[in-house]
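The values are calculated or read from the model by the stated rules, or taken from the named source; none is laboratory data. The shown structure was predicted, so the numbers you read here are calculated from the model rather than taken from an experiment. All Cβ positions, even for glycine, are placed from backbone atoms using ideal geometry, and neighbour counts span all protein chains on display.
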Amino acid sequence: MIRRTAATALLALLMLGAGTGCGAGSAVSDYGKVIKGAKGSTVTVEVGAGQRFSLAVADNVSTGDQWRLVAVPDAKVASFISKEYESEGGGTGSGGTSYFVFNGKHPGNTEIRLYDCWRCPNASAGPVDEQSKAQSGEAIFAVVVK
């Protein structure tokens, strides 16, 4: 009887863990509405209050990409949840996509800027030479929460 209760409890815990979707270091399993952007572009994003959304940019750390959120958006309009990365090929140098995940909060407008500092020595440093400066840039998202 004790073994059966312990086995049932263990099974319940395993099933609960499997349902969270937080495997492989991922903080979230639901990216919500995905909007793609790129360096040098401005994209309009329309979401509803309470709706999850992700801003997606092509990313390849092995070639020098270092995407980061420039500043958090107006917290009354949208809240930042996490940055996630998915590899496209799995092998070294294959590249992938970075997802900046947000939640629409209340109706309003805000701007979200993502910056790719190409071949910068660290995430907070700026471009170190002309080539780095030329390859770096922002992806801008004009967010409208309805």
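Just wondering, is there one or more residues in the stretch 81-96 that are in contact (Cβ under 8 Å) with a residue 12 or more places away in the chain and touching a Lys or Arg at 6+ places or on another chain (Cβ under 7 Å)?
No, the stretch 81-96 has no match at all.
Residue check: is residue 83 in a loop (DSSP other than H, G, I, E, B), modelled with pLDDT of 95 or more and either among the basic types (Lys, Arg) or under 14 Å from the mean Cα position of the chain (by Cα) (or both)?
Working: in a loop (DSSP other than H, G, I, E, B): no; modelled with pLDDT of 95 or more: yes; either among the basic types (Lys, Arg) or under 14 Å from the mean Cα position of the chain (by Cα) (or both): yes.
It is false that residue 83 is in a loop (DSSP other than H, G, I, E, B), modelled with pLDDT of 95 or more and either among the basic types (Lys, Arg) or under 14 Å from the mean Cα position of the chain (by Cα) (or both).
Of all residues in the stretch 103-143, how many are of a type in the set (A, V, I, L, M, F, W, C) and within 13 Å of residue 42 (Cβ to Cβ)?
Here the count works out to 7.
Taking residue 141 and the conditions (1) within 20 Å of residue 63 (Cβ to Cβ); (2) buried (at least 19 other Cβ atoms within 10 Å of the Cβ), which numbered condition does it fall short on, given that it satisfies the others?
Of everything listed in (1) within 20 Å of residue 63 (Cβ to Cβ); (2) buried (at least 19 other Cβ atoms within 10 Å of the Cβ), residue 141 misses just condition (1).
Just checking, how many residues over the stretch 10-64 are at pLDDT 70 or above and outside any loop (DSSP other than H, G, I, E, B)?
So the answer is 21.
Find the residue count for the stretch 86-120, including only residues that are farther than 26 Å from residue 146 by Cβ and outside any strand (DSSP E or B).
The qualifying residues number 12.
Quick grid of which residues meet (1) exposed (fewer than 13 other Cβ atoms within 10 Å of the Cβ); (2) farther than 22 Å from residue 30 by Cα; (3) among the hydrophobic types (A, V, I, L, M, F, W, C):
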{"residue": "53", "(1), (2), (3)": "no, no, yes"}
{"residue": "57", "(1), (2), (3)": "no, no, yes"}
{"residue": "61", "(1), (2), (3)": "no, yes, yes"}
{"residue": "72", "(1), (2), (3)": "yes, no, yes"}
{"residue": "80", "(1), (2), (3)": "no, no, yes"}
{"residue": "101", "(1), (2), (3)": "no, no, yes"}
{"residue": "108", "(1), (2), (3)": "no, yes, no"}
{"residue": "112", "(1), (2), (3)": "no, no, yes"}
{"residue": "119", "(1), (2), (3)": "no, yes, no"}
